Amino acid sequence: MGVVIPLGETAQEAGIGKLWSLVRADMERVNQAIVARTGSDVAMIPEVANHLIESGGKRLRPMMTLAAAGLCGYAGDGHVKLAASVEFMHTATLLHDDVVDQSDMRRGKLAARMLWGNEASVLVGDFLLGQAFRMMVEVGSLPCLSVLADAAAVIAEGEVMQISAAKDTATTEDDYVAVIRAKTAALFAAACEVGPILAGRSKAEMAACRAYGTNLGIAFQLIDDALDYGGSSAKLGKNVGDDFREGKITLPVVLSFRRGSSEERAFWVRTLEKAEIAEGDLETAIATMRRHRAIEDTIERARHYGAMARDALELFPASEHRAALLEVVDFCVRRAN
């Protein structure tokens, strides 16, 4: 079953044209690996996997793997399989997330679980994880395997941390950043770190690429949090307000709760902790956030982490690859505009 991925157009529209132009040839090979590895005699597996893979994601994480390898002068082929592994890990996480969150939409389409059920979504996610680790083993780099395996464990920990924090208005900003550092930033970090590992670069350069990915991942998630209350469904690829309806405690909520009056805090307890959501409550939530500058300050936090991501790359000399990775930071933060 073929996979048609209009990646070039998507990347250009997203404003990451430099990155796309540099990794385009390698991304074609990554896409070929994705097609090959989603194949199965069990018909439902490619159907479910390709439903999400074909849905227009920007493939940002695998492109970062390829760009980080290029930044470090890697000249082999291992980065292609590792990039495909990263994309499979991400896709598996989305399939699992939609089941945990009971989400109806993903990337503007019905979530796979709505079409094939929760069981199929979870098991196909597991299949993709298995294929990801197969490719990692084939590359033959134990350090890369270790980094990506660690990321898989940390991502799962982040998911459990988020479940624990769900509907808990006592969640602090530090608590929440710890969740997204694990749930989102861990894969960004690993995606960037394997490039210098493959290239045999210094520990300082590995750490710099990891720091870039970590801070970029945190900024990316914070912008998503802000967009859930101040964006559009087209930008999010899901319904605006899904976090609110699912009782998720994100940074805009944390800031609004801390800064709010007793009446406003009671509103958050009713809607998020007790899940008693009435008509018009989403509009009230957004208005409350705007009154306390919670959305604006979440975006400002994202800019802060974006600046740290940019600083991490200062270790490397100027190059096309560094410029492209810096452009990604601008893209991630600019989504809020």
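So here's what we get for this one:
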read-out: Per-residue HN-Hα couplings for segment 318-327 [Karplus 6.51, -1.76, 1.60; θ = phi - 60°; Hz; x = Gly/Pro]; value: 4, 6, 4, 5, 5, 4, 5, 5, 5, 4
read-out: Amide H contacts of residue 106 (H built 1.01 Å from N, under 5 Å, at least 5 apart or other chain); value: 111
read-out: Other-chain or far-sequence residues with amide H under 5 Å of residue 73's (modelled H); value: none
read-out: Average accessible area per residue (Å²) across the chain - probe 1.4 Å, nucleic acids and ligands excluded; value: 41 Å²
read-out: Carbon plus sulfur fraction of accessible area for the chain, probe 1.4 Å, in percent; value: 53 percent
read-out: Under 18 Å, Cα to Cα: Lys pairs in the chain, sequence gap 8 or more or different chains; value: 13
read-out: 3J(HN,Hα) from dihedral phi, segment 74-80, Karplus parametrisation 6.51/-1.76/1.60, rounded to Hz, x for glycine, proline; value: 5, 10, x, 10, x, 5, 5
read-out: Whole-number percent relative contact order across segment 176-308, with pairs defined as alpha carbons under 8 Å at least 6 apart; value: 27 percent
read-out: Orphan Cys of the chain, criterion: no other Cys C-beta under 4.7 Å; value: 72, 144, 332
read-out: Rough spin-label spacing in nm, given labels placed 7 Å along Cα→Cβ, for residue 259 and residue 110; value: 4.0 nm
read-out: Alpha-carbon Rg/Rh ratio, for segment 104-190, with Rh computed the Kirkwood way; value: 1.05
read-out: Over segment 56-111, equivalent-ellipsoid semi-axes from the Cα gyration tensor in Å; value: 29, 10, 7
read-out: Acute angle (nearest 10 degrees) that the helix 44-53 long axis makes with the longest principal axis of the chain, alpha-carbon atoms; value: 80 degrees
read-out: Order by protection proxy (mean Cβ within 10 Å, highest first), peptides 309-315, 183-189; value: 183-189, 309-315
read-out: Distance cut-off 20 Å, percentage of C-alpha pairs in segment 272-337 lying past it; value: 50 percent
read-out: The chain, helix-only ellipticity at 222 nm - DSSP H runs n ≥ 4, -39,500 (n - 2.57), divided by all residues, nearest 500; value: -23000 deg cm²/dmol
read-out: 0 to 90° range, to nearest 10: angle between helix 118-139 axis and the chain longest Cα axis; value: 30 degrees
read-out: Folded to 0 to 90 degrees: helix 17-37 orientation relative to the chain principal axis, Cα; value: 80 degrees
read-out: Value of relative contact order over the chain, rounded to a whole percent, pairs C-alpha under 8 Å and six or more apart; value: 20 percent
read-out: Charge sum, other residues only, whose C-beta stays under 13 Å from residue 201's C-beta, Lys/Arg counted +1 and Asp/Glu -1; value: 0
read-out: Rg to Rh, two decimals, where segment 43-168 supplies the alpha carbon set and Rh follows Kirkwood; value: 1.00
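The values are calculated or read from the model by the stated rules, or taken from the named source; none is laboratory data. All of these numbers come straight from a predicted model, not from anything done at the bench. No Cβ is skipped: glycine too gets one built from the backbone with ideal geometry, and neighbour counts run over all protein chains shown. Note: areas computed on protein heavy atoms with side chains; ligands, DNA, RNA excluded. Shrake-Rupley method; radii C 1.70, N 1.55, O 1.52, S 1.80 Å.
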